[in-house]
1. Here is a list: A46, A51, A58. Which entry is of a type in the set (G, A, S) and either in contact with a Pro (Cβ under 9 Å, 6 or more places away or on another chain) or part of a loop (DSSP other than H, G, I, E, B) (or both)?
2. So, in segment 18-38, exactly how many residues are outside any strand (DSSP E or B) and more than 16 Å from P80 (Cβ to Cβ)?
3. Under 7 Å between Cβ atoms, at least 6 apart or on separate chains: pull out the pairs that start in segment 56-85 with a residue that is at positive phi and end on any residue that is not in a strand (DSSP E or B).
4. What pairs come out if I take residues in segment 1-14 that are among the charged types (D, E, K, R) and pair them with residues that are assigned to a helix (DSSP H, G or I) and open to solvent by 80 Å² or more (accessible area, probe 1.4 Å) whose C-beta lies under 6 Å away, six or more apart or interchain?
5. Hey, among the residues in segment 68-83 that are in a loop (DSSP other than H, G, I, E, B) and open to solvent by 80 Å² or more (accessible area, probe 1.4 Å), which one's modelled with the lowest pLDDT?
6. For A58, work out the one condition from (1) under 16 Å from W10 (Cβ atoms); (2) at pLDDT 95 or above it doesn't fulfil.
Amino acid sequence: MDVRLVYFAWVRERIGREAETITLPANVSTIGGLLNYLQNLGENYAYALEAEGVVRTAINHEHADSDATIQTGDEIAIFPPMTGG
């Protein structure tokens, strides 16, 4: 399954890229599974995603929890918590 990943703020800085399209293995079908998979892609991914529960995600511009299902063609944003007012 191919998905587009878009990274923001310090997640982007730590991974070293703004976006990418990746092919996920068949056993990765949720946001939680995706984040676990990414942590094993290399040092930069592990560093960006090391604090479980800190990064936030969205699927096709809708906030998504770790149990949200991923489908082929989804755009998944990964970003730090947002603050401000």
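1. A51
2. Looking only at that region, the number is 11.
3. If the second residue must be not in a strand (DSSP E or B), the pairs left are N60/D74.
4. What qualifies is R14/Y47.
5. T83
6. (1)
The values are calculated or read from the model by the stated rules, or taken from the named source; none is laboratory data. Here the structure is a predicted model, which means the values were calculated and not measured. Here Cβ is always computed from backbone atoms with ideal geometry, including for glycine, and neighbour counts include all displayed protein chains. Note: accessible area is taken over every heavy atom of the protein model, side chains too, but ligands, DNA and RNA are not part of it. Shrake-Rupley method; radii C 1.70, N 1.55, O 1.52, S 1.80 Å.
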